[in-house]
Amino acid sequence: MWLPAIYCCGCGRAGWMTALEPGTDAVVLDGGEIREASVDRPELPRPFIDATNEYRGAVADGAELSAFDDEDGKRALMWFHTSMRTLSITGPSEEARAEGSSVPVLTYSDLGAEGYARDQVCLNCGEPDAVRYIGSRVVTQVSVMTIHGAKGMEVTHVSLMGVGKEFMPLRFRLKNLSEQDARAALQQERSLLYVAASRARDELVITTVGERSELLPEG
């Protein structure tokens with residue numbers, strides 16, 4: 001699945017743009033239709049920001065996903081189920097998790113969503129008139145997927161976002177384990193990072209949140 005890439009010209013956080021089919025909650029996946037809606041029906045576009053780090057943090061802290069919601073409805077942490085083209089607060093099934101077809105995202109919520117879309121409000125910093133497509137004349141698109149969903153694929157460019165110490169490896173996975181089991185779990189996390197990084201054919205970009213993950217090489 002490919003979606004137009006976007007970024008916030010205020011805080012710089014990046015993501016993808018979608019749109020809703022008129023009169024429904026179904027998510028449009030065609031890049032041309034999404035860009036057309038941005039011009040002709042500005043209340044329909046819905047920016048997504050990858051919320052994998054927020055979701056991992058919630059799991060690690062035992063917090064509800066609603067902890068990341070903005071009280072004014074400018075954003076909510078939801079699941080984008082690509083196979084069904086739907087947004088939901090309900091997590092994916094075990095089958096969907098294995099396929100990598102569901103992604104946690106920040107997106108607009110509540111009754112003000114259409115207004116936020118028209119005002120191009122950033123989901124991260126809340127600034128209006130801040131959401132921009134990446135690439136003005138060239139249609140830039142990115143594929144949205146989990147690491148598990150990327151297994152076996154090869155693409156020209158890969159961006160791994162938020163590979164920080166608090167999120168990879170997941171600390172809660174290593175708690176209360178024997179030394180041998182902890183080493184095995186750490187190796188699984190290292191292997192997962194390798195799978196993600198090795199999908200790139202031409203360029204790999206890794207960003208971190210806070211202190212870098214101990215699984216990243218030095219330099």
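What to note about this one:
- In this structure, S83 and Q180 have a Cβ-Cβ separation that, at R0 = 30 Å, corresponds to a calculated FRET efficiency of about 0.20.
- Apolar share of the accessible surface for the chain: 49 percent from carbon plus sulfur atoms, 1.4 Å probe.
- Translational D in µm²/s for the range 16-75 (Stokes-Einstein at 10 °C, 1.306 mPa s, Kirkwood Rh from C-alpha pairs): 120
- Theoretical gain in end-to-end length, V195 to L215 [0.36 nm per residue, Cα-Cα removed]: 5.9 nm
- For the chain, the Cβ-based charge dipole about the Cα centre amounts to some 660 debye (Lys, Arg positive; Asp, Glu negative; other atoms uncharged).
- Cysteines without a disulfide-compatible neighbour (Cβ-Cβ under 4.7 Å), the chain: C9
- Candidate values (1) 28, 19, 18; (2) 39, 20, 14; (3) 30, 19, 17 were compared with semi-axes √(5λ) of the Cα gyration tensor in Å computed on the shown model; the agreeing label is (3).
- Calculated accessible area for the chain comes out at 56 Å² per residue, all protein chains present (probe 1.4 Å; ligands, DNA, RNA ignored).
- Stretchable slack from S93 to L29, in nm (0.36 nm times residue separation minus alpha-carbon distance): 20.9 nm
The values are calculated or read from the model by the stated rules, or taken from the named source; none is laboratory data. Computed from a prediction, not measured in an experiment: that's the story for all the values here. Neighbour counts are summed over all protein chains in view; Cβ atoms, including those assigned to glycine, are modelled from backbone coordinates with ideal geometry. With ligands, DNA and RNA removed, areas are computed over all heavy atoms of the protein, side chains included. Shrake-Rupley method; radii C 1.70, N 1.55, O 1.52, S 1.80 Å.
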